[in-house]
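The values are calculated or read from the model by the stated rules, or taken from the named source; none is laboratory data. It should be emphasised that the depicted structure is a prediction, and the values quoted were computed from it without experimental measurement. Here the Cβ is made from the backbone with ideal geometry for all residues, glycine too, and neighbour counts use every protein chain on show.
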Amino acid sequence: MQTFQTYSFQNKRAIVRVDFNVPLDKNTGAVSDDKRIRAALPTLKHILENGGSIVLLSHFGRPKNGPEAVFSLEQICAKVSEVLGTNVDFADDCISEAAFSKSAALQPGQVLLLENVRFYKEETAGDLEFAKKLAQHGDCYVNDAFGAAHRAHASTTQIASFFPNDKMMGLLMEGELANARKVLHEAKRPFTAIVGGAKVSDKVLIVQNLLNLADHIIIGGGMAYTFFKALGGEIGASLCEEERLETCKEILATAKEKGVQIHLPTDAIIADRFAADAHTQTAPSGAISGAWMGLDIGPEAIKDFSAVLENSQTILWNGPMGVFEMPAFEQGTKAVALAVAAATKNGAFSLIGGGDSAAAVQKFGLQDQVSYVSTGGGALLEYFEGKVLPGVQAIEA
Ligand code: AMP
């Protein structure tokens, strides 16, 4: 396997699979958060500074039936130019003659962005013939799209087979894996995992795998209420997945067997409806009545969770503690973010899973006070579920 740092990019056209699936402002259409573009910058700069040119390949949203203007990467081309500090050309297709002429004409230092690779259904199908065509755009393949590494798509997986000696991971991908491995394989103890968010069903596999790894598992967010129901509590109109009650019981039993401490939020901020201006109260999480619903963890839970985090040496966080998008229900997530930052200051290693946890840490301005904020929500989750990521495997094969 080639390593990115030692590979010679001199006069080579590098196909770089990036994750430029960035959010756009609903009103202006401008890129509202360019974090994902900036995350690929070290990789792109390295190639250009070492005499190479770049063909950028990315997905953008989830187009269903071919090209659609709302999913066109042309909308972000100017932003990519701005972040890179050099003009980026755009090809309005991935495998047309015009696109191939543009990539063939690239000179060292130049960059071309291809149109959304998901405009082709062959992409998500992992079609080998389509991957072969994409491969014709360059002399080597760099995968820097950690956020898409859990997908076995043509541009993340199959394409690598056409570059047996010229495929490698980019710096972002390498960094993501190094940080994830640190937690998965070299966690200093006590190791605390914080799992939150809306649904138990989305997080069952990760919790089950964490039962083999962590000393403490903190469970917050909407998913906690299914646990309280499984324990015989009353949860009112809080989120509940009836079909997961047994799973919750099994998780609690396995934790006991393995000596893993599960921490559930003893109290909750409850609301009389799902709204930012709802009436609120504090209540025990297992004694919520009628139409009331738990939308955040309460002050006792914040104290309990903070105490566990204060004594932790390794922390993995995936999923918010409440509906942190609404100020009335952000306190739990904010307090946990502050506790993670304080533990990090005291020497703990903290890895923040992508998606909503990353958004929360950013919302509270704490992104520089944790050890690493991952760019990959689903990919990181699957990594900690113990799965092999196809995008990584294709490079390592
Ligand atoms: P996930 O994508 O599974 O990590 O879930 C994140 C979403 O869960 C966020 O949009 C939160 O608003 C939501 N969430 C967190 N806690 C609750 C709760 N107690 N009730 C309903 N939704 C919640």
Quiz item: GLY391 fails exactly one of the following numbered conditions: (1) within 11 Å of the ligand (Cβ to nearest atom); (2) assigned to a helix (DSSP H, G or I). What is the number of that condition?
Solution: (1)
Self-check item: Residue count, the stretch 8-50 (criterion: assigned to a helix (DSSP H, G or I) and not assigned by TED's automatic domain parsing to the domain that holds SER103)
Solution: 0
Self-check item: Single match in ALA152, ALA160 (criterion: surrounded by 23 or more Cβ atoms within 10 Å (Cβ to Cβ), away from the ligand (no atom under 16 Å from the Cβ) and either in the same structural domain as ASP127 (by TED's automatic domain parsing) or under 21 Å from GLY355 (Cβ atoms) (or both))
Solution: ALA160
Quiz prompt | Residue under evaluation GLU325, criteria (1) out of contact with any strand residue (DSSP E or B) (no Cβ under 6 Å at 6 or more places or on another chain); (2) more than 10 Å from the ligand (Cβ to nearest atom), criterion not met | solution = (2)
Quiz prompt | Selected residue (only one of LEU24, LEU48, LEU56, LEU106 is touching a residue at least 12 places away in the same chain (Cβ under 8 Å), surrounded by 14 or more Cβ atoms within 10 Å (Cβ to Cβ) and touching a Gly at 6+ places or on another chain (Cβ under 8 Å)) | solution = LEU48
Exercise. Could you tell me which of the residues ALA30, ALA39 is within 20 Å of VAL83 (Cβ to Cβ), in contact (Cβ under 8 Å) with a residue 24 or more places away in the chain and exposed (fewer than 15 other Cβ atoms within 10 Å of the Cβ)?
Key: ALA30
Quiz item: Which pairs have Cβ atoms under 9 Å, sit 6 or more apart or on different chains, and link a residue in the stretch 231-245 that is under 13 Å from GLY294 (Cα atoms) and at pLDDT 95 or above to one that is surrounded by fewer than 19 Cβ atoms within 10 Å (Cβ to Cβ) and of a type in the set (Phe, Trp, Tyr)?
Solution: ALA237/PHE274
Quiz item: Does the stretch 289-310 include one or more residues that are among the charged types (D, E, K, R), assigned to a loop (DSSP other than H, G, I, E, B) and free of Cβ contacts under 8 Å to residues at least 24 places away in the same chain?
Solution: no
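Taking the stated definitions as given, is LEU316 in the same structural domain as ASN212 (by TED's automatic domain parsing), part of a helix (DSSP H, G or I) and either modelled with pLDDT of 95 or more or in contact with a helix residue (DSSP H, G or I) (Cβ under 8 Å, 6 or more places away or on another chain) (or both)? Give the steps one after another, and end with the answer.
On the way: in the same structural domain as ASN212 (by TED's automatic domain parsing): yes; part of a helix (DSSP H, G or I): no; either modelled with pLDDT of 95 or more or in contact with a helix residue (DSSP H, G or I) (Cβ under 8 Å, 6 or more places away or on another chain) (or both): yes.
Against the criterion (in the same structural domain as ASN212 (by TED's automatic domain parsing), part of a helix (DSSP H, G or I) and either modelled with pLDDT of 95 or more or in contact with a helix residue (DSSP H, G or I) (Cβ under 8 Å, 6 or more places away or on another chain) (or both)), LEU316 does not qualify.
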Quiz item: Would a scan of the stretch 357-367 turn up a residue that is assigned to a helix (DSSP H, G or I) and under 24 Å from ALA160 (Cα atoms)?
Solution: no
Quiz item: Can you pull out the residues in the stretch 328-347 that are more than 13 Å from the ligand (Cβ to nearest atom) and in contact (Cβ under 8 Å) with a residue 60 or more places away in the chain?
Solution: VAL340
Quiz prompt | Among the candidates ALA271, ALA291, ALA275, residue that is of a type in the set (A, V, I, L, M) and surrounded by 15 or more Cβ atoms within 10 Å (Cβ to Cβ) | solution = ALA271
